[in-house]
Structures are given as C-alpha cells and as structure tokens.
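Worksheet: one structure, shown below.
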Amino acid sequence: MILDSPRQAARDQYLRCGWAVVRGLFSAQEIETWRGEADRLMAQPALFADPDGRNAVVNSRPRSDRIDPVTDLSPTFLNLANDPRLLRESGALLGGEARLFKDKFIAKPPGAQGYGVHQDFTYWPNLGIAPEKMGSAAVFLDGATAESGAVECVPGVHALLTRPGRIEDPDKSSLGDFETVAVEAGDVLFLSGMVPHRSGANRSAGFRRALFFTYAADADPALYETYHQLKKALPHGLG
Ligand SMILES: O=C(O)CCC(=O)C(=O)O
C-alpha cells in the first residue's frame, strides 16, 4: 500500500488538475546518458534545418530547436519512449495500456521563445480516441524554472475549449491563472491532452531540454503509423 501511494497521489493530482510531476523514476546515470544523446543530436545542425518538416509547428513558424519525430533518429530515445516505467505511469494515468504515437525533442536554448497557450488534444484530431485516453510525458533533461521557460498550466480544465475537429487555441483571457511547473532534470511531467498550457521564453543562460512522448490508452497497434501518415497527408500537418 505504501509503495502505491506516490502513484495514487500523482493520479489524484492528474485527475484534479490535468497534470502531475513524477520524480525519481530514473537514475542519475540514465539521465546523464540521455543528456549525452541530446548533445549528439544537437551537434548535427542539419537536424534543426527542417529536414522532412521535423521542425514544423502547426499554426506557427518552424522552430529550429525541435526535432519531431525524434525516435527514428535515436535508438536511445526510442528505448526511453517505450521504457516500462514511462508506459506504466502513463497507463495508470490514462486508464489503460499506454501506446506511443508521437515523440519530439525540444532543446529550448537560451533566448528561445516560449509556446502560446494551447490544449494538445486539439492538435491530434481524427484519431478516433477519447480525449481522456491521450496524454504526454515530458522527460526533462535539464531543470526548468520560470526563467528557463518551464511549462505553465491552468488547473482543472477537462473539456475542449475550442471547436471540435479544428486546430485552434483557446482564448487565454477566458482561462484562470497559470501555474508554473518547475521541475528538476529527470522529472517527468505528465500532461493530459486537455490541460491548457503554455511556456515562457528561455531567459536563462542554459538549455532547457525535454523529450515529449505522447501516448494513447488501449489504442490500435498501428496508431504510430496512422498518426504519422495523417500528419503527412494533411496540408497543415498535425501537432
Ligand atoms: O517545451 C515547451 O516549452 C512547451 C512545449 C509544449 O507545450 C508542447 O509541446 O505541447
């Protein structure tokens, strides 16, 4: 019972607010390995020059600090995306067996812009999966603070705030207060597909690197391919 309580606390927080931070899933050595893998990718400028639209962002300009998808370029990050600890925690929060369908690396170097307010679910339309069955796990390779561009969330929103089937962002003036989710390297921020969130610019001197892995519960085994085919086929892509 005692061993289950951190997970229960995370689940309570996730259900109440739409996000939860889980600390201590990974060892210091693992985190160091992933930081090294991020360094390896970041030493290849061509990966940040929009090969195959990997730096594209729907409804926004491409960003030269992100690679989406990333797991096909990195066996290390593919392993992490399918790590049993991440799948177990994601599955517990989403209420089923978690299956990866989207992955990206965001380097967020000093001076990088933040992200405007959005609900992720809007960016994954036409997949036929209930919103509460989809969510992301952001594995932070560096700590994140308000200064370095942490994610900021509005708690307690569990409904779509924009028109169904449209990739649109909610009007931030109609939302409540944002809470800055400060994290340490190795922490995992689980985000529901519905939580309105944004992030600030990186005004610090260091990188704020994170991997975002997105899962669906009890999904079709072909969901990863289906999602990426749809992303390619739609003129505006998918988020
Ligand atoms: O990395 C960030 O600063 C925010 C990214 C984000 O909100 C997203 O990918 O949905």
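A few points about this structure:
- Close pairs from region 145-160: first at positive phi and part of a loop (DSSP other than H, G, I, E, B), partner away from the ligand (no atom under 15 Å from the Cβ) and among the β-branched types (Val, Ile, Thr), Cβ under 8 Å, at least 6 apart: none
- Considered as a group, the residues in region 176-202 that are aliphatic (A, V, I, L, M) and assigned to a strand (DSSP E or B) include one that is farthest from residue 80 (Cα to Cα), and that residue is 181.
- Remark: residue 98 falls outside the filter, which requires a residue to be in contact with a Leu (Cβ under 6 Å, 6 or more places away or on another chain), within 16 Å of the ligand (Cβ to nearest atom) and not aromatic (Phe, Trp, Tyr).
- Residues that are small (Gly, Ala, Ser), within 13 Å of the ligand (Cβ to nearest atom) and crowded, with 23+ Cβ neighbours inside 10 Å, drawn from region 185-217: 192, 193, 199, 210
- Note on region 106-125: residues that are near the ligand (Cβ under 10 Å from one of its atoms) and either assigned to a loop (DSSP other than H, G, I, E, B) or buried (at least 16 other Cβ atoms within 10 Å of the Cβ) (or both) amount to 12.
- Checked against (1) away from the ligand (no atom under 11 Å from the Cβ); (2) part of a loop (DSSP other than H, G, I, E, B); (3) in contact with an Asp or Glu (Cβ under 9 Å, 6 or more places away or on another chain), residue 167 passes all but a single condition, namely (3).
- Residue in region 143-162 that is modelled with pLDDT of 95 or more, among the charged types (D, E, K, R), out of contact with any strand residue (DSSP E or B) (no Cβ under 7 Å at 6 or more places or on another chain) and within 12 Å of the ligand (Cβ to nearest atom) present: no
- Failed item in (1) farther than 18 Å from residue 39 by Cα; (2) in contact with a Leu (Cβ under 8 Å, 6 or more places away or on another chain); (3) among the hydrophobic types (A, V, I, L, M, F, W, C), with residue 140 passing the rest: (1)
- Any chance residue 227 is in a helix (DSSP H, G or I), touching a residue at least 40 places away in the same chain (Cβ under 8 Å) and within 16 Å of the ligand (Cβ to nearest atom): yes
- For region 74-98, a residue qualifies if it is among the charged types (D, E, K, R) and buried (at least 22 other Cβ atoms within 10 Å of the Cβ), and exactly one does: 89.
- The residues of region 55-94 that are part of a helix (DSSP H, G or I), under 15 Å from the mean Cα position of the chain (by Cα) and more than 23 Å from residue 20 (Cβ to Cβ) amount to a single one, 78.
- For residue 145: the one exception among (1) more than 24 Å from residue 16 (Cβ to Cβ); (2) surrounded by fewer than 20 Cβ atoms within 10 Å (Cβ to Cβ): (1)
- Scope region 1-22; condition assigned to a loop (DSSP other than H, G, I, E, B) and at pLDDT below 95; matching residues: 1, 2, 3, 4
Residue by residue, here is whether (1) modelled with pLDDT under 95; (2) in contact with a strand residue (DSSP E or B) (Cβ under 6 Å, 6 or more places away or on another chain) holds:
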| site | (1), (2) |
| --- | --- |
| 73 | no, no |
| 78 | no, no |
| 98 | no, yes |
| 108 | no, no |
| 122 | yes, no |
| 127 | yes, no |
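The values are calculated or read from the model by the stated rules, or taken from the named source; none is laboratory data. Computed from a predicted structure; not experimentally measured. With ideal geometry, Cβ positions are generated from the backbone for all residues, glycine too; neighbour counts draw on all protein chains shown.
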